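Remarks on the structure that follows.
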Amino acid sequence: MLKATTSLGVIFFPAFDWAISPTHPEREERLLYTQDQFREEGLFDIEGISEHRPLFATDQDIMRAHFCFPSVEAICTESHRISAGGAIQAARLVLEGETRRAFALVRPPGHHAMKVVHGNRGFCNINIEAVMIEWIRERYGRKRIAIVDTDCHHGDGTQDVYWHDPDVLFISLHQDGRTLYPGSGFPYENGGPRALGKTINLPLPPRTSDEGYLYAIEQVVLPILADFKPDLVINSAGQDNHYSDPITNMQFSAQGYARLNELLKPDIAVLEGGYSIKGALPYVNLGICLAMAGCEYSGVREPDYNSAALRESPETMETIRQTCGYVLDTYFHPPMGDFEKEGDSFIRERKIYYDTDGILEKQREELKDCDQCRGLRLIKTSSSHLLPCLGVELPIDCCPACEREGYEAFARSGKEFLVSQLLDQKNKQFRYLPKK
């Protein structure tokens with residue numbers, strides 16, 4: 001019998017009862033062919049690779065990561081809770097030592113869901129990695145966590161959730177935002193005033209193939225991880241940069257994905273995008289599992305794979321080298337951020353469009369410039385569907401002054417805001433207040 005050199009737990013949840021529409025790219029068939037491939041190849045016959053059921057994310061699990069307006073129930077279906085619960089199960093397996101690594105093959109995905117959620121954007125309602133990370137920190141204390149997002153689309157939601165968190169390093173490799181949704185993820189986006197340099201964006205040109213992706217991993221991602229020294233490495237494992245994906249323009253292969261995970265050695269991987277249901281996902285998922293388990297993966301090939309046809313041009317590789325050099329330097333020498341201030345608070349004002357649900361959100365974020373802690377955060381938000389709401393976040397190291405100010409703002413918010421939510425990370429309190 002074959003034996004894994006590194007034990008791997010696999011959590012599988014195809015969400016049979018949820019899809020945006022019957023023909024939408026994000027639908028249940030995304031994982032059905034993968035399930036068949038695993039059975040045909042005898043993945044679970046390998047000693048050390050085991051299959052596990054997902055858990056179920058509660059309201060409190062979700063509220064640690066998000067302000068959901070008007071409520072968690074309005075945002076999340078049962079499938080979203082089980083998808084996030086699959087990620088939580090992956091974390092439980094690893095943190096409790098049941099397996100050395102874990103891969104949550106679940107849907108719906110989540111990396112476009114931001115700190116505030118009014119609906120679905122980029123096929124995402126809640127950020128399943130963020131829900132998992134906050135579950136980890138709730139049970140196992142403060143940890144330094146690195147998220148490496150390899151989805152073809154910029155992980156703008158995960159970036160937003162951890163924009164102000166110096167304990168979480170977020171690295172996103174993605175197709176250049178000038179050519180693909182969501183149109184963000186540029187090198188100058190490198191973290192908020194309390195976490196400058198802890199957001200790393202590496203945009204890659206269209207038609208980047210195995211050579212370019214693996215160059216970026218070896219020359220940028222691994223040196224940054226070595227410096228950051230995370231307690232956990234999480235791969236936000238989108239697979240839509242495959243050469244056969246119908247909605248992107250990259251040329252990555254199953255072999256490339258497997259080698260990426262062999263280099264990255266993630267403790268946990270969580271599936272994100274990937275919409276080539278027959279041509280990519282069964283092979284990519286198999287390659288990732290074998291690589292994470294330390295098994296031989298050289299035989300995993302797509303039937304139409306042609307390495308010569310997929311090779312980057314010299315011009316593309318030169319662009320990648322230049323970008324990698326610049327991005328690596330911005331981590332070790334982050335430029336001073338040009339952050340807007342009003343009084344004693346940093347201000348960020350944005351308009352966010354929820355493309356799936358047709359919702360336009362207007363948001364104003366106020367972060368207290370406190371010399372005793374990371375600072376109280378107030379997020380005032382309204383949308384074309386809901387007016388107005390308030391999120392109050394007290395950081396894990398909240399000082400007494402910010403704690404008092406936060407609870408006072410929450411207590412008086414019922415007169416002005418339709419819905420208010422409070423997240424007290426220090427005291428592990430979650431509160432909800434409808435307008436009086």
* Asked: Could you give every pair whose Cβ atoms fall below 6 Å, whose first residue belongs to region 73-89 and is assigned by TED's automatic domain parsing to the domain that holds Ala57, and whose second residue is open to solvent by 10 Å² or more (accessible area, probe 1.4 Å) and part of a helix (DSSP H, G or I), counting only separations of at least 6 or pairs across chains?
  -> Ile88/Trp135
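Which of the residues belonging to region 301-322 are of a type in the set (Asp, Glu), surrounded by 14 or more Cβ atoms within 10 Å (Cβ to Cβ) and more than 13 Å from Pro205 (Cα to Cα)? Even if it seems obvious, please write down each step before you answer.
First, the residues of region 301-322 that are of a type in the set (Asp, Glu): 302, 304, 312, 315, 318.
Cutting the leftovers down to surrounded by 14 or more Cβ atoms within 10 Å (Cβ to Cβ) gives us 302, 312.
Selection gives Glu302 alone.
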* To do: Would you mind telling me which numbered condition in (1) outside the structural domain of Leu180 (by TED's automatic domain parsing); (2) of a type in the set (Asp, Glu); (3) assigned to a helix (DSSP H, G or I) Glu318 fails?
  => (1)
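Can you tell me which of Tyr181, Tyr213 is of a type in the set (Phe, Trp, Tyr) and open to solvent by less than 20 Å² (accessible area, probe 1.4 Å)?
Values: Tyr181 fails: open to solvent by less than 20 Å² (accessible area, probe 1.4 Å).
Only one candidate qualifies: Tyr213.
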* To do: Could you run through region 62-103 and say how many residues are open to solvent by 20 Å² or more (accessible area, probe 1.4 Å) and outside any helix (DSSP H, G or I)?
  => 8
* In this structure, is Gly337 in a helix (DSSP H, G or I), out of contact with any Gly (no Cβ under 6 Å at 6 or more places or on another chain) and of a type in the set (Gly, Ala, Ser)? -> no
* **Pairs where the first residue, in region 161-188, is at positive phi and the second is of a type outside the set (Gly, Ala, Ser), C-beta under 6 Å, 6+ apart** => Gly185/His154; Gly185/His174; Gly185/Asn201; Gly185/Pro203
* Checking Gln239 against (1) in a loop (DSSP other than H, G, I, E, B); (2) more than 17 Å from the chain's Cα centre (by Cα); (3) on the phi < 0 side of the Ramachandran plot, which test does it fail? -> (2)
* Within region 386-422, which residues are hydroxyl-bearing (Ser, Thr, Tyr) and under 15 Å from Glu366 (Cβ atoms)? -> Ser413, Ser420
* Filter region 323-371 for residues that are farther than 19 Å from Asn190 by Cα and in contact with a helix residue (DSSP H, G or I) (Cβ under 8 Å, 6 or more places away or on another chain); which is least open to solvent (accessible area, probe 1.4 Å)? -> Cys370
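Quick test for you: out of Asp245, Asp227, pick the one residue that is among the acidic types (Asp, Glu), open to solvent by less than 20 Å² (accessible area, probe 1.4 Å) and not in a strand (DSSP E or B). Full working, then the answer.
Numbers: Asp227 fails: open to solvent by less than 20 Å² (accessible area, probe 1.4 Å).
Only one candidate passes the filter, namely Asp245.
Filter region 248-274 down to residues that are assigned to a loop (DSSP other than H, G, I, E, B) and of a type in the set (D, E, K, R) and give me whichever is nearest to the chain's Cα centre (by Cα). Steps first, answer last, please.
Taking region 248-274 first, the residues assigned to a loop (DSSP other than H, G, I, E, B) are 248-250, 253, 265-267, 272-274.
The next check asks that each one be of a type in the set (D, E, K, R); those that pass are 265, 267, 272.
Numbers: Lys265: 17, Asp267: 15, Glu272: 8 Å.
This residue is Glu272.
The values are calculated or read from the model by the stated rules, or taken from the named source; none is laboratory data. Not measured: the values here are computed from a predicted model. As a convention, Cβ positions derive from the backbone with ideal geometry for all residues, glycine included, and neighbour counts pool all protein chains shown. Quick note on the areas: whole protein, heavy atoms, side chains included, nothing else; ligands and nucleic acids left out. Shrake-Rupley method; radii C 1.70, N 1.55, O 1.52, S 1.80 Å.
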